[in-house]
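Everything on this sheet refers to the single structure shown next.
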Amino acid sequence: MILEMKNISKNFDGLEVLKDISFGVDHGEVVSIIGPSGSGKSTLLRCATFLETIDGGEIIYMGETAAHTDGSGNAVYVGPHELKHFRKYCGLVFQQFNLFPHYSILKNLIDAPMHVQGISREEAEATAMDLLRKMGIEDKANAYPFQLSGGQQQRVAIARAMAMKPEILFFDEPTSALDPELTGEVLKVIRQLAEEKMTMVVVTHEMPFAKAVSNRVLFMDGGVIVEQGDPRDVFDNPQEERTKQFLRVFER
Amino acid sequence: MTFSTMLSTMSSGMWKTFLIFALTLIGSLPLGMIVALLRKSRFAPVRGFIKAYISIMRGTPLMLQLLVWYFGPYYLFGWNIGNWRFPAIIVGFVLNYAAYFAEIYRGGIESIPAGQYEAAEVLGFTKFQTFMRIILPQVVKIIMPSVTNEVITLVKDTSLAFTLAYQEVFSLAKQISASQTSFMPFLIAGVFYFVANYVVEIVMARIEKSMDYYK
């Protein structure tokens, strides 16, 4: 298991956003999380990537515990230094890309490897150029984010996350801010990563994509995982009434 | 008194005006950043103190503040500080301008989207690295027009040192004008301030242009 999240609970001002959620991700697995907005999908991702702290439960990466619940029922995290070690395991691609606008594309990719991981410039640049080539945007290395289309920016964001060599890559609605015609180029890149057995968790509204690429689909609603399983089962033969209801919307 | 004597007498004042200007910037630009950061401190008393400080600095005339800094030590505490005139001016200007710069910085810092912090956090940057590498460079670009405004105001505000009888351009212009019954010193002072601000505009425009490479 790359990641195990056990009995995760999370409240925002008394509102229960995640209710006792448990799920795991195996090496090389692609997991899609679908569900209506406000169902807690993004919050789950943000907890997994340590942008939000859980209130209760366990987060385990590569068999190492990053957070657990103590005797009084409160979540306890490892210290800041160890947390840095856990952050290395995971990468996150945002809906809004969040590239650094004052950095060139290349610098967006090499800055963290150099200044967080202490990798030499030569090595970081070599890795970055490989990634840009893979994303089909190596000619943009010296451009700035504002000069790129949304689809290109998102591919840079994926490359930036990959440059840290994470064990698992999370995507928070990676195509929701894109025009339909730009969505394809980003999904193609994610599909390519899936073929290379990159471990990924993708929160998405792109149902055909989720069905085609993922090994497992989680349907979330109201802070719980309503249904999960093989994408063919979940999409073609959902068991729960709530899942059927949700999927029907996409058929129209 | 000939025009050239007037000019050379006033040039010593120009140097003093420049000193106030330069020292105020050197002191208040960084101090403003510290104030802006303290204003977002986790400790409520610190935040309260900083808010009160900014409020007082912006809510009372700089001229009055200069008088307080100059006469305050004696009238309040009975201290007689030697050569206090110039230091009092600099303290007054730096503390006043730091308050204005702090508010400009705060506006800039708050306009950076949360996504920038989150992206940096996920990549493993420390809080300090995030601020220095990601946030600050973007803030500088955003606040440049407001800073330019403030710097131009400062050039003109240096004339307030006249209140403490410090012999900068404006004080000298007034003295020479009275003693020589001439209007010329005021014209010279006016041209001096205008040219100084013209230089400020050119320099600031250059700095802004140097950051035009991204949006």
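Read-outs: derived from the displayed coordinates by stated rules, not from any lab. Predicted model only: the values in this text are computed from it and were never measured. When we count neighbours, we look across all protein chains shown, and the Cβ atoms used for this are built from the backbone with ideal geometry, even at glycine.
Some notes on this structure:
- Potential lengthening of the chain between B:SER41 and B:VAL140 amounts to 33.6 nm, from the contour at 0.36 nm per residue minus the alpha-carbon distance.
- Likely footprinting exposure, A:LEU109, B:LEU172, A:LEU132, A:LEU247, fewest C-beta neighbours within 10 Å first: A:LEU247, A:LEU132, B:LEU172, A:LEU109
- Per-residue Cβ neighbour counts within 10 Å put B:ASP157, A:ASP20 in the sequence A:ASP20, B:ASP157, beginning with the fewest.
- With R₀ fixed at 51 Å, the C-beta to C-beta distance from A:ARG133 to B:ALA52 puts the FRET efficiency at about 0.35.
- Across chain A, the mean sequence separation of Cα contacts (distance under 8 Å, 6 or more residues apart), normalised by length, yields a relative contact order of 25 percent.
- For segment A:76-110, backbone nitrogen atoms closer than 20 Å to the point 7 Å from A:MET62 Cα along Cα-to-C-beta are found at A:77-93.
- Cβ-placed point charges (K, R +1; D, E -1), dipole of chain A about Cα centre in debye, nearest 20: 440 debye
- For the protein assembly as shown, a simple Cβ point-charge model (Lys and Arg +1, Asp and Glu -1, everything else neutral) yields a dipole of about 1900 debye relative to the Cα centre.
- Percent RCO, i.e. relative contact order, over chain B, from Cα pairs under 8 Å lying at least 6 residues apart: 28 percent
- A Cα-only calculation for the protein assembly as shown places Rg and Dmax at 30.0, 102 Å.
- Separation in nanometres of the label points that stand 7 Å from Cα toward Cβ, at A:GLU196 and A:ARG121: 2.5 nm
- Counting only DSSP H runs of at least 4 residues, each contributing -39500 (n - 2.57), and dividing by the residue count of chain B, the helix-based mean residue ellipticity at 222 nm comes to -26500 deg cm²/dmol.
- Adding -39500 (n - 2.57) for every DSSP H run of four residues or longer, then dividing by how many residues chain A holds, sets the calculated 222 nm ellipticity at -11000 deg cm²/dmol.
- All other residues whose Cβ lies under 15 angstrom from that of B:GLU121 are scored, Lys and Arg at +1 and Asp and Glu at -1, for a net of +3.
- Rg/Rh for segment B:3-210, where both radii come from Cα atoms and Rh is the Kirkwood radius: 1.06
- Paramagnetic label zone (point 7 Å from Cα along Cα-to-C-beta, A:GLU82; backbone N under 19 Å) in segment A:1-23: A:2-8
- Among B:LEU136, B:LEU123, the order by Cβ neighbours within 10 angstrom, fewest to most, reads B:LEU136, B:LEU123.
- Within chain B, the selection of entire DSSP H helices by a Cα span of 30 Å or greater along the long axis and an average Kyte-Doolittle value of at least 0.5 returns B:3-38, B:85-110, B:184-210.
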